[in-house]
1. Only residues that are at negative phi, modelled with pLDDT of 85 or more and not in a loop (DSSP other than H, G, I, E, B): list them for region 320-339, please.
2. Going through region 142-154 one residue at a time, which ones are of a type outside the set (Lys, Arg) and touching a residue at least 40 places away in the same chain (Cβ under 8 Å)?
3. Do we have any residue at all in region 270-289 that's surrounded by fewer than 24 Cβ atoms within 10 Å (Cβ to Cβ), at pLDDT 80 or above and away from the ligand (no atom under 16 Å from the Cβ)?
4. What number goes with the only condition from (1) away from the ligand (no atom under 11 Å from the Cβ); (2) over 22 Å from Asn280 (Cα atoms); (3) surrounded by fewer than 24 Cβ atoms within 10 Å (Cβ to Cβ) that Asp36 does not pass?
5. Checking Leu92 against (1) at pLDDT 95 or above; (2) on the phi > 0 side of the Ramachandran plot: exactly one of these is not met. Which one?
6. Filter region 83-113 down to the residues that are within 14 Å of the ligand (Cβ to nearest atom), in a strand (DSSP E or B) and closer than 18 Å to Thr243 by Cβ and list them by number.
7. Given the criterion modelled with pLDDT under 85, on the phi < 0 side of the Ramachandran plot and outside the structural domain of Ala60 (by TED's automatic domain parsing), identify the matching residue among Val377, Val410, Val439.
8. So, in region 114-131, exactly how many residues are away from the ligand (no atom under 12 Å from the Cβ) and touching a residue at least 40 places away in the same chain (Cβ under 8 Å)?
Amino acid sequence: MSRYLIIGGGVAGTRAAQTIRANVPAAEIIMVSREDHPFYRRPQLGEYAAGRLAEAALMARNPSFWEEKRIDLRLNTEVVAVEPSASMVRMLDGSTLEYDHLIVATGREPNCEGVDGSDLPGVISFQTLQEAAQLRVLQGGDGRVVVYGDSLPALQMVQAAATSGLDITYLVAGERILPGVLDEDASQILDGRLHAAGVKVVKGADVRSIEKKAGRAAAVKLSSGQVYPADLVGACAAYRPVTAALPVAEGGLRVAEDLSTPWPHVWVAGDVVGDEPPFNWLRAWRQGESVGLAACGAQDSVRSGRSSVHVLNCQLMGLSVVAIGQTVVPYRSGPSEVRTEVIGEFYKKLVFAPDDRLIGAILVGNVAEAGELEEAVGIGSSRSDLDPALMKQLFEPTYRPRFIGVQCPVCRHEIQLEPDAQVGDRVTCPICGVDFELVEDAQGFGVQMVE
Ligand SMILES: Cc1cc2nc3c(=O)[nH]c(=O)nc-3n(C[C@H](O)[C@H](O)[C@H](O)COP(=O)(O)OP(=O)(O)OC[C@H]3O[C@@H](n4cnc5c(N)ncnc54)[C@H](O)[C@@H]3O)c2cc1C
């Protein structure tokens, strides 16, 4: 009986385990995770921290799942060394485990180099449930929260602090929010939402250090000398793949198109693959499935797990935002843009290469066409190949969409609804299995989680 060892109990690791079980009923599957919670939905940490979701509602699987699927889940277990030559991993407690097939799905972690004090108590990167709980306990009090970083976790933490009524300051390094992904118009819409929620946004902030008092973080200091007092600091600026346990040479982890590595029977999946944001739940899910199939020897059915198209697909301050491929076009750089006016919080833009290929898109407010556009960017469709009905729907805010659907609030998968769908209906995402309820929305249907 082959032993499949999976390091990391997040979405990529769990999907891999499920895929292996479905294909190899007799396999021995062991999953180790250094966290103390089983698989939960990271994109909902903000809602948990704001007190809108209970801890149990974050859990992505029933407690009986692991036993039913015969997955030996070992929590609070950290792998410190992978030794491919011996097909073995070594744990923090000194114990070892041998494997026949190894899947590394260790995600990413904060990279706080250059900021003194980032390891102090009271500094979090908003990556884990345990960290989100530190924000949750401040709810309803008069705590001061300071967050820095151009990342999804940063914005989720800012939103959670604002909706919890806390004093929240968001330090942004450049002149706009998420400058690598959002253009000026999209960023300004988001800025408006932050302002309305009472967030103090400080632009051009160069964070130098985190100051301490009584052994914990007490303030964030900028290189300008400006100091922002804080009871909790969100250090959410830079992240790196978690590869410390792997025998990676200089130049980083080498991953092939099919997510295999230089070592036999070792695959990687999820956020640990590559170090370029944006990181993406659905991509991790798909890669987990791909490596699960590959590890089972079902090579023919393995899709290329890596997509060259970067997609940011999220809710920012309650606003649906999708950014696909190249979205920011430097002045006179070659690509051209086709865009709508900004109408309230509705804004859409397509980016074309000089040879007329679609290379990027931004959708704000109504993101119904995200799936079709991602596919078009992925296959390099040219302007004339784009479906005229899609173009009409994209650029006419009042046009009734052909697509009657909603986005899953967790994995952002677009779910096509039945024609007779009604407010109050309960829907289950076919991808991540989360349940939610249809509510009324300016664009048709919105969604609300059910516990
Ligand atoms: C606050 C927040 C909001 C987000 N919002 C969105 C969103 O709206 N849309 C979207 O698409 N994506 C979003 N993301 C990103 C998404 O959650 C990630 O892309 C996804 O979780 C990656 O899954 P993964 O399985 O690769 O890694 P992870 O979910 O990070 O899981 C990796 C696991 O491996 C464990 N591990 C690491 N090293 C070891 C080791 N040595 N030994 C044992 N265990 C180890 C870690 O502790 C962790 O449990 C968000 C992320 C955060 C944090």
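The values are calculated or read from the model by the stated rules, or taken from the named source; none is laboratory data. What you are looking at is a predicted structure, and each value in this text was computed from that prediction instead of being measured. Glycine gets a Cβ as well: all are built from the backbone with ideal geometry, and neighbour counts include every protein chain shown.
1. Val321, Val322, Ala323, Ile324, Ser336, Glu337, Val338, Arg339
2. Selection gives Gly143, Val145, Val146, Val147, Tyr148, Gly149, Asp150, Ser151, Leu152, Pro153, Ala154.
3. Looking through region 270-289, none of the residues is surrounded by fewer than 24 Cβ atoms within 10 Å (Cβ to Cβ), at pLDDT 80 or above and away from the ligand (no atom under 16 Å from the Cβ).
4. Here Asp36 meets the rest and fails (1).
5. If we test Leu92 against (1) at pLDDT 95 or above; (2) on the phi > 0 side of the Ramachandran plot, just (2) comes out false.
6. Correct list: Glu83, Val89, Arg90, Met91, Leu102, Ile103, Val104, Arg108, Glu109, Pro110.
7. The conditions single out Val410.
8. 8
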